[in-house]
Amino acid sequence: MTTSDTHRAIEAVWRVESARLIAGLTRIVRDLGIAEELAQDALVIALEKWPESGVPDNPGAWLMATAKHRAIDLIRRNETYARKLALLGQDLETEWQAPEPAAIEDDLLRLVFVACHPVLSTQARVALTLRLLGGLTTSEIARAFLASEPAVAQRIVRAKRSLAAAEVPFEVPGADELSGRLSSVLEVIYLIFNEGYAATAGDDWMRPALCEEAMRLGRVLATLMPKEAEVHGLVALMELQASRAAARTGPSGEPVLLLDQDRGRWDHLLIRRGLAALARAEELGGAHGPYALQAAIAACHARARTAEATDWARIAALYATLAERVPSPVVELNRAVAVTMAEGSSAGLALVDALSSEPALRDYHLLPSVRGDLLFRLGRLAEARTEFERAAGLTRNERERVLLLRRAAECGCADA
């Protein structure tokens, strides 16, 4: 194996093993920052040694053993070595053996809840989750979110300091606070997915790597928490939405809207997986959870062989239920689109116009985009053009801006 082949193998191993490694080390040293440094040290040593010795049969065990030896060295350099070693017990000094799968899962679950702790800002939770649980480098996270590397690095450093200052325990929250904390975890994973599915800025309509990472995290969480209905609901939602990925862009990367997509290009394996996850959420009594409801909406699209066969009345009803559970002007805007398809453009426009004064939608480009589409359907082309141009001015995604300007131009052509 060449050096470059070994480095690629190490990168693959790191993506798989890093979260388990950091989780196990955090349990031992009780400090997330130190645990990550020890894991990174082990990675550096692997980069130095494995090109010569080859990748070991159990690379995860090798990395953990190396990191534990580094931890011992670190403690021995400290003046309070004896006291700290006594506090840590014999865990560091014994040869590392692969723990039972259940123990690994416990550590991973603890790490999930630490990385997504509400004491951190949303941006910090996202960055720390991608770093610790996704194994992404700072530069990869920066590229994904169009931020500078120093800014992302500082965000991660501040997040770890905040966790230390708040003395966040390395544990799964108790039953009394599990629901609130779990919602934070699910929110972070879905934010990562959404940024990949419909990038808020930049030159690309989608960032598939982020979608894949979010789905991987969701699947891991579903394995760790198999009886939590909303976890399965989120997995179902992501799988069903991701099933359309290949059909969402044209040959040059331009966006292809849902009703115009070639459904033959949808991924039917992901659809089956998504429907199975949705069924699991419903079996667990979570049919009316926010993510399960959105997954049920996505399932209506997935089950329709053609755009015309879509059950828009059911989608509108599901959005109405979702609006009751999670009141949001964005949900109401989506409901307006479904009502348009089920009852006609005039009915939809009335709902959209009722949202025009919502402060949360003032700079939301999809409000004028949807309104422009409805006006176009009603033949009010000059008004539609104004709305599309306004939407184009609000979006930060270049692909979307081009699409909206094309829609505006079409209004001019049709008016002529």
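A short reminder: the numbers here are calculations on the coordinates, not readings from a lab. Quick caveat, the model's predicted, so the values are computed rather than measured. Cβ placement follows ideal geometry from the backbone for every residue including glycine, while neighbour counts extend to all protein chains displayed.
Neighbour counts of other C-beta atoms within 10 Å: give me His365, His288 arranged from fewest to most. List each step's numbers first, then the result.
On the way: His365 20, His288 16.
Ordered by Cβ neighbours within 10 Å, fewest first: His288, His365.
For the range 249-393, report the translational diffusion coefficient in µm²/s to the nearest whole number, using Stokes-Einstein at 10 °C, 1.306 mPa s, and a Kirkwood Rh over Cα pairs. Walk me through the intermediate numbers first.
Values: Rh = 16.6 Å.
The diffusion coefficient I find is 96 µm²/s.
What number results when the radius of gyration of the range 99-168, computed over Cα atoms, is divided by 2.2 N^0.38 Å? Could you put the intermediate results ahead of the total?
Working: Rg = 12.8 Å, N = 70, 2.2 N^0.38 = 11.1 Å.
Normalised Rg, Cα atoms only: 1.16.
Think of the chain as a dipole: +1 on every Lys or Arg Cβ, -1 on every Asp or Glu Cβ, centred on the Cα centre; then among Val126, Ala12, Pro173, Val126 lies furthest on the positive end.
If you rank Thr223, Thr386 by fewest surrounding Cβ atoms within 10 Å, what's the result? Walk me through the intermediate numbers first.
Details: Thr223 12, Thr386 17.
Listed from fewest to most nearby Cβ atoms, that is Thr223, Thr386.
Neighbour counts of C-beta atoms inside 10 Å place Trp50, Trp312 in the sequence Trp312, Trp50, starting with the fewest.
Across the range 115-140, the residues whose backbone nitrogen lies under 17 Å from the label position 7 Å along the beta-carbon direction of Ser183 are 116-122. With Cα atoms as the point set, the range 213-303 shows a radius of gyration and Dmax of 13.5, 43 Å.
How long are the semi-axes of the equivalent ellipsoid of the range 163-250, taking √(5λ) for every eigenvalue λ of the Cα gyration tensor, in whole Å from largest down?
Numbers: eigenvalues 161, 52, 16 Å².
Taking √(5λ) for each eigenvalue gives 28, 16, 9 Å, largest first.
Counting only Cα atoms, the chain measures 82, 46, 39 Å along its principal axes, largest extent leading. Cα-based values for the range 363-416, radius of gyration first and Dmax second, are 10.0, 30 Å. The aspartates and glutamates whose alpha-carbon is closer than 20 Å to the alpha-carbon of Lys160, local same-chain residues fewer than 8 away aside, are Asp31, Glu36, Glu37, Asp41, Asp107, Glu140, Glu149, Glu171, Glu187.
Only helical DSSP H runs with n ≥ 4 go in: add -39500 (n - 2.57) per run for the chain, normalise by residue count and round the 222 nm mean residue ellipticity to 500 deg cm²/dmol.
Helices in the chain give a 222 nm mean residue ellipticity of -23000 deg cm²/dmol.
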